[in-house]
């Protein structure tokens, strides 16, 4: 139980209500029971998420219980408030009796009057303070106070107010002056863009108008020069198209080489050399054809079947050599033993 709740309980208020049992074990048990009921409804073919009669009844009972607790708490609070009001009404101060003149009355009477005044100031319960003799806790009039340096707070407050009023007036005057300057600027200010730069003068004293005219003249001269050059080029092209012959030079015979020889003479010399060579080749071919014809006519069999008529390099006939070999062989065989 907190300290504030303990104080309220000791002062007569009801003790705080105990919270319901919300331990993790209880919550798990309730969840398990709810899951089991949902499974049974699902097996039976109903809506597993629909609330059953037992749950609805439990909810209604809990709601009724909460409602009854709220009503009881409200009734108890109303009773406590009523008792507190009655208690405060008993503690209210009674009017003080009329004070007797100081010069009249006996000593016992004066003592009784003093006791009655004391009982009026402090009630018998010891908790109520007389409101008639109590001053305000807040000093609502600071202007009658004096600072440590002897300055009156009223004078200081007036001086601060005067300074604030002067500063406010100065700000208002400055705002009016700025508004007047802004209005004057709006009325007398020309366009932000200077559309006429020709009246300006450069640092070297040259007028921008003269500089602009010089630039324009240079541009016009350059444009005229380009136009003239284009016209000259067009004329040259036209002349080239008119006077240029075929791209192929079909007559090279009128050309002359670097050594002064005419290409026509050189061509004729080359043609004569070619004709002479052609005639020589034709004559050689004719001679070769005649030799071949003679060879074909006078040549015998390709195979030489008679070697005896041949002659060796030392001039000896092959037939004589053959006969000498035969004689040598016969003599040798004759000398062999029997």
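General observations
- Pairs with Cβ under 9 Å, 6+ apart, first in region 25-38 and under 15 Å from residue 54 (Cβ atoms), second exposed (fewer than 11 other Cβ atoms within 10 Å of the Cβ): 37/54; 38/49
- Flag if residue 260 is loosely packed, with under 10 Cβ neighbours inside 10 Å and either at pLDDT below 95 or assigned to a helix (DSSP H, G or I) (or both): yes
- Selected residue (only one of 140, 187, 158 is part of a helix (DSSP H, G or I), modelled with pLDDT under 90 and loosely packed, with under 10 Cβ neighbours inside 10 Å): 187
- Residue under evaluation residue 45, criteria (1) surrounded by 10 or more Cβ atoms within 10 Å (Cβ to Cβ); (2) modelled with pLDDT under 85, criterion not met: (1)
- Qualifying residue in region 220-243 (condition: modelled with pLDDT under 80 and loosely packed, with under 10 Cβ neighbours inside 10 Å): no
- Identity of the residue in region 31-42, over 54 Å from the mean Cα position of the chain (by Cα) and either within 15 Å of residue 58 (Cβ to Cβ) or not in a helix (DSSP H, G or I) (or both), that ends up modelled with the highest pLDDT: 33
The values are calculated or read from the model by the stated rules, or taken from the named source; none is laboratory data. Keep in mind that what you see is a predicted model, and the values were worked out from it rather than measured. FYI the Cβ positions are ideal-geometry reconstructions off the backbone, even for glycines, and counts take in every protein chain you see.
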